[in-house]
Amino acid sequence: MPGLGGRPSMGAAALAGIAAIGVAAGAVSARRRDLGPAFHDVASELRAPLLVLGHGPTGEPRPIAPDSSTRIMRLNSQARVFPRRLGREQVIDSGGRSLRLWLYETSARREGGPSGALIWIHGGGLVAGTPAQDHALCSRIARELGILVVSVDYRLAPEHPYPAAIDDVRSALRWLRMSAPALAVDTSRVAVGGASAGGGLAAALAQRCRDEGIDLAFQMLIYPMLDDRTGVGGVDIPGRGDFVWTARQNAECWQAYLSHPSGEPEDRPWAAAARREDLTGLAPAWIGVGGLDLFVDECVDYAGRLEASGVPVRLRVEPGMYHGADICQWARSMRDFRAESIDALGRALRGA
């Protein structure tokens, strides 16, 4: 998929969640030895070309550069791709600047009266990505659940560090609620969701809504990026993050977003969802993550803390799954993984 500046680099494609597209299937067998012993823990149906992304050409982790902002900005600019003649574009005001949204709905959605809605937030490590990468998923959710899906083209770090992204997704939610009558949306049935960095922003947005007295029906958190302390300094975690999204990438991107090295003291509200101590009163959640994902421990911990705080939560940890593997929709496990997340969203919106 071409970007505005030409073909994205492989790193940019990984950050944008579209890395598997166009990669030769023989790449996995060619580099199997380079992938290390963790390769044997990957579910057989998920041994896809996507696995070659992450560590360097020898399978060894690469150190964090002293200043990685130039490379991150390049990934950012190369991955800015938008769907054409798909969905419906809407431009709104976000703090005095224009914010682009993509709206997905079936032609029959409004016939049955006001429906539920989902604010969807794409992944990309907070430094890359675009609504285009989730066009198929947003279309599927809108079609299967009969709701309005609003995908947000939020600002990216390091050009726009915290709080730009959380402010933009909050502006999208504010616009949705204010425009609810015209959009035929029931404001009691509004959810937030996202994948990877988008899932982390969705969790932070749910926290912000709780603080601002805004009710949400649900959080749909797909392998969310919640905690900047995971893999701090780019130090590998055994059995976690060997493929697609590594500790080094995580540390680089959190640093770009927070404007300080990951793991340092951070008390700004909604900066990193896992940093929040009080989780009471948050919206019910579904959290899905792979057992080989760098984020698995932080997701399990966050789900446990939600449950201990009285928040209804369902956690799915998929064995043999690495970060972003649900792009492999030929695999039954990944079809089930994605279907469960959509079903959980649908049941929550119907119940609300």
### Query
Of all trypsin sites (Lys or Arg not before Pro) in region 83-147, which ones are in loop regions per DSSP and have a Cβ with at most 15 other Cβ atoms within 10 Å?
84, 85
## Note on the structure
Counting sequence-distant residues (5 or more places) and residues on other chains, those with an amide H built under 5 Å from that of residue 218 are 192
### Query
Given H placed on each backbone N at 1.01 Å, which residues far from residue 318 in sequence or on other chains put an amide H within less than 5 Å of it?
289, 290, 291
### Message
Residue by residue through region 133-138, what is 3J(HN,Hα) from phi via Karplus (6.51 cos²θ - 1.76 cosθ + 1.60, θ = phi - 60°)? Round to whole Hz and write x for glycine and proline.
### Response
5, 10, 4, 5, 5, 4
### Message
To make sure I understand, if each residue's beta carbon is the centre and we count other beta carbons within 10 Å, what order do 139, 262, 98 fall in, fewest to most?
### Response
98, 139, 262
### Query
HN-Hα J couplings of region 336-352 from phi, Karplus 6.51/-1.76/1.60, θ = phi - 60°, integer Hz, Gly and Pro as x?
5, 4, 5, 5, 5, 5, 5, 4, 4, 4, x, 5, 5, 5, 5, x, 5
### Task
Please report 166, 92 as a ranked list, fewest other C-beta atoms within 10 angstrom at the top and most at the bottom.
92, 166
### Message
Please list, ordered by chain and number, the residues whose modelled amide H lies under 5 Å from the amide H of residue 239; skip anything fewer than 5 residues away on the same chain.
### Response
none
### Task
Would you please classify the overall shape of region 74-351 from the alpha carbon gyration tensor, given that a ≥ b ≥ c denote the square roots of the eigenvalues, rounded means a/c under 1.5, and beyond that prolate means a/b larger than b/c while oblate covers the rest?
rounded
### Task
Return the loop-located GluC sites (Glu not before Pro) in region 246-352 (DSSP other than H, G, I, E, B) with at most 12 other Cβ atoms within 10 Å of their own Cβ; answer none if there are none.
277
#### Entry: Whole-Hz ³J(HN,Hα) from phi, Karplus 6.51 cos²θ - 1.76 cosθ + 1.60, for region 288-293, glycine and proline x
x, 7, x, x, 9, 6
### Query
For region 147-266, with the dipole built from +1 on Lys and Arg beta-carbon atoms and -1 on Asp and Glu ones, taken about the Cα centre, which of 233, 157, 175 lies farthest toward the positive end?
175
### Query
Counting other Cβ atoms within 10 Å, which GluC sites (Glu not before Pro) in region 106-178 have at most 16 and lie in a DSSP loop?
159
#### Entry: DSSP bridge pairs, region 74-351: antiparallel proportion in percent, nearest 5
35 percent
### Query
Is region 101-189 best put as rounded, prolate or oblate by its Cα gyration tensor, with a ≥ b ≥ c the root eigenvalues, rounded for a/c under 1.5, and otherwise prolate when a/b is larger than b/c, oblate when not?
oblate
### Residue order, fewest to most surrounding Cβ atoms within 10 angstrom, among 177, 210, 332
332, 177, 210
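Every read-out reported here was derived from the displayed coordinates using simple, explicitly stated rules and does not represent laboratory data. All values derive from a computational prediction rather than experimental measurement. So basically every Cβ, Gly included, is an ideal-geometry build from the backbone, and we count neighbours across all protein chains shown.
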